[in-house]
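Since every read-out is calculated from the coordinates, none of them should be taken as a lab result. The model shown is predicted, which means the values in this text are computed figures rather than measured ones. Here the Cβ positions follow ideal geometry from the backbone for every residue, glycine too, while neighbour counts run over all protein chains shown.
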Amino acid sequence: MLVVMGRHAGQKEIDEVVEKITSIGLRPHVIPGSTRTAIGITGNTGPIDPGILEIMPGVHEVIRVTRPYKLVSREVKQEDTRIEVGGVTFGGSGFVVIAGPCAVETETQTLETAKKVKSAGATLFRGGAFKPRTSPYSFQGLGEEGLKILAKVRREYGLPVVTEAIDVESVSLVEEYADVIQVGARNMQNFSLLKRVGRAQRAVLLKRGMSATVEELLMSAEYILSEGNYQVILCERGVRTFADHTRNTLDLSAIPAVKRLSHLPIIVDPSHGTGRRDKVPPMAMAGMAVGADGLMIEVHIDPDRALSDGPQSLYPQDFDRLMQRLRHLAMALDRSITE
Ligand code: PEP
Ligand code: MN
């Protein structure tokens with residue numbers, strides 16, 4: 001259910017509706033818009049009688065939301081959501097490039113990679129300190145030591161950092177050090193983790209599960225918003241298909257599909273989406289062309305010695321070249337890369 005306030009409704013009327021919703025045991029979500037305010041309602045297990053809200057002062061209309069997700073949908077909020085992370089805005093006219101290694105391995109590897117990606121034009125840094133590895137014998141990440149190295153990257157290079165929380169227990173630690181908490185593909189439907197990051201004070205980067213539909217991705221985002229955290233950036237990172245020329249099939253058609261259904265920003269990860277270095281630049285450019293709000297790209301100072309995802313990691317000079325090509329493409333598309 002969604003309460004749409006009239007154009008001239010004031011704060012007092014909005015507060016009264018919020019109070020009413022709370023008093024009947026439900027949760028209000030105030031969604032300010034450029035011309036009107038809407039108030040989403042969650043927490044109901046059955047239908048709500050719209051009459052009790054319709055008669056309140058300042059209320060324009062009360063509408064039922066027909067989709068299984070509400071707060072993430074365009075029905076509830078027409079304007080694109082903008083999410084600001086350390087001075088960088090996701091959603092809107094800019095195009096944000098996040099880059100860095102798959103995993104934080106050593107301080108030198110991380111800082112050197114950060115220096116290179118920053119000079120090439122990346123505005124956020126990525127790197128996993130907790131790694132969700134398919135084999136228990138693969139490198140699992142440095143844990144808190146890795147988070148400290150990421151904090152050093154932010155201090156020395158002024159780059160906000162994105163890093164993954166792999167379970168509920170790691171969220172508090174990640175929250176302390178990171179600017180954006182990543183929820184990985186394998187955890188897209190870890191509902192207790194989604195609820196926990198929904199109560200975090202940080203933006204969340206939610207990656208699409210490797211066999212999830214767009215609707216399932218949006219429902220996972222809904223878990224986070226319904227807990228009160230509206231700062232969710234979605235990420236298309238490829239789904240598993242029969243194709244064996246790539247690690248995953250990067251589903252770029254998900255971008256316009258999500259844009260139609262949701263107001264949340266969505267970025268493309270062509271690194272996990274292809275798994276092969278040579279395919280990353282063309283798919284990165286395609287991601288910009290289909291209207292994504294940004295990219296996340298794995299770059300390693302020495303990919304041949306990387307402890308994870310070396311074959312898909314770009315050499316710093318490849319990344320630099322890609323950034324130059326993206327700038328040209330942005331011009332043709334009337335967009336601009338956030339510098
Ligand atoms: C990653 O970003 O390094 C990662 C593990 O990605 P995904 O969850 O998409 O596999
Ligand atoms: Mn990786």
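Give the relative contact order (percent, whole number) for the range 2-63; include only Cα pairs under 8 Å separated by 6+ residues.
Rounded, it is 49 percent for the range 2-63.
Please work out the C-alpha center-to-center distance from the range 1-77 to the range 314-339 and express it in whole Å.
Each part reduced to its Cα centre gives a spacing of 42 Å.
Using alpha-carbon pairs under 8 Å, 6+ residues apart, how would you state the relative contact order of the chain in percent?
16
Suppose R0 equals 41 Å; then what is the FRET efficiency for R260 and R155 from their Cβ-Cβ distance, rounded to the nearest 0.05?
0.55
Given charges of +1 on the Cβ of Lys and Arg and -1 on the Cβ of Asp and Glu, with all other atoms neutral, how large is the dipole of the range 172-249 about its Cα centre, in debye to the nearest 20?
Dipole size: approximately 180 debye.
Can you list the DSSP H helices in the chain whose Cα atoms extend at least 24 Å along the helix axis and whose mean Kyte-Doolittle hydropathy is -1.0 or higher?
Counting only whole DSSP H runs, the qualifying helices are 316-332.
Given C-alpha coordinates of the range 181-315, what is the ratio Rg to Rh with the Kirkwood estimate of Rh?
0.98
If I stretch the segment between Q324 and D80 completely, what's the gain in nm (0.36 nm per residue apart, minus their alpha carbon distance), one decimal?
Residue separation times 0.36 nm, minus the Cα-Cα distance, leaves 85.1 nm.
Which Cα, out of L205, Y177, T89, lies furthest along the positive dipole direction of the range 83-337 (beta carbon charges, K/R +1, D/E -1)?
T89
If you add up the charges near I267, with Lys and Arg at +1 and Asp and Glu at -1, over every other residue whose beta carbon is less than 13 angstrom from its beta carbon, what do you get?
Neighbourhood net charge equals +2.
Please report the spacing between the Cα centers of the range 224-275 and the range 96-151 in Å, no decimals.
21
Using a Cα distance threshold of under 20 Å, what count of lysine pairs results for the chain when pairs must be 8 or more residues apart or interchain?
Number of lysine pairs found: 18.
How far apart, in nm, are the 7 Å Cα→Cβ label points at T249 and E112?
Distance between the two pseudo-spin positions: 3.9 nm.
For the range 83-337, just say rounded, prolate or oblate: build the C-alpha gyration tensor, square-root its eigenvalues into a ≥ b ≥ c, call rounded for a/c under 1.5, and beyond that prolate if a/b exceeds b/c, oblate if not.
In terms of gyration-tensor shape, rounded.
Rounding to the nearest 20 debye, state how big the charge dipole of the range 2-63 is about its Cα centre with +1 on each Lys and Arg Cβ and -1 on each Asp and Glu Cβ.
Its charge dipole is roughly 180 debye.
Once both labels are modelled 7 Å past Cα along the beta-carbon direction, what's the R305-R186 spacing in nm?
2.6
If you stretched the chain out fully between M56 and D334, how much longer would it get, using 0.36 nm times the residue separation minus the C-alpha to C-alpha distance?
95.6 nm
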